[in-house]
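Visitor: To start, I am sharing the structure in question, which I have written as structure tokens.
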Amino acid sequence: MKELVEVVAKALVEHPDEVVVTEKTEGKSIIVELHVAASDMGKVIGKQGKIAKAIRTVVKAASSKDNIRVDVEIV
């Protein structure tokens with residue numbers, strides 16, 4: 001999931017070299033943290049959070065076959 005979030009985020013931002021994605025495992029849950037430059041935060045979140053919601057939806061669909069819960073946090 002980390003790679004998926006990283007590819008999507010780098011395609012959206014103006015400073016792809018500042019994109020950092022970390023992954024934490026807690027039981028059957030995986031928390032993916034996305035760190036971007038402050039100037040790119042709006043591009044990753046989108047108007048009314050639509051881009052962030054779309055990223056979460058794609059990750060959820062990709063993880064559904066593995067029967068694990070994945071949360072994406074934009075920091």
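Visitor: Antiparallel as a % of all DSSP beta bridges within the stretch 2-74, to the nearest 5?
Guide: 55
Visitor: Please list, in chain and number order, the residues 5+ apart from Val70 or on another chain whose amide H is under 5 Å from its amide H, with Hs placed from the backbone.
Guide: Correct list: Ile30.
Visitor: Taking the Kirkwood radius as the inverse of the mean 1/r across Cα pairs, report the Rg/Rh of the stretch 2-74.
Guide: Ratio value, two decimals: 0.97.
Visitor: Still on this model: Could you go through the stretch 47-53 in sequence order and give the Karplus-derived ³J(HN,Hα) for each residue, using 6.51 cos²θ - 1.76 cosθ + 1.60 with θ = phi - 60°, rounded to whole Hz, and x for Gly and Pro?
Guide: Using θ = phi - 60°, the values come out as 5, 6, x, 5, 5, 4, 5 Hz.
Visitor: Still on this structure, I have one more. Among Lys2/Lys60; Lys24/Lys60; Lys28/Lys65; Lys28/Lys50; Lys10/Lys65, which pairs are too far apart, with a Cα-Cα distance over 18 Å?
Guide: Lys28/Lys50; Lys10/Lys65
A short reminder: the numbers here are calculations on the coordinates, not readings from a lab. Just so you know, these numbers come straight off a predicted model, no measurement behind them.
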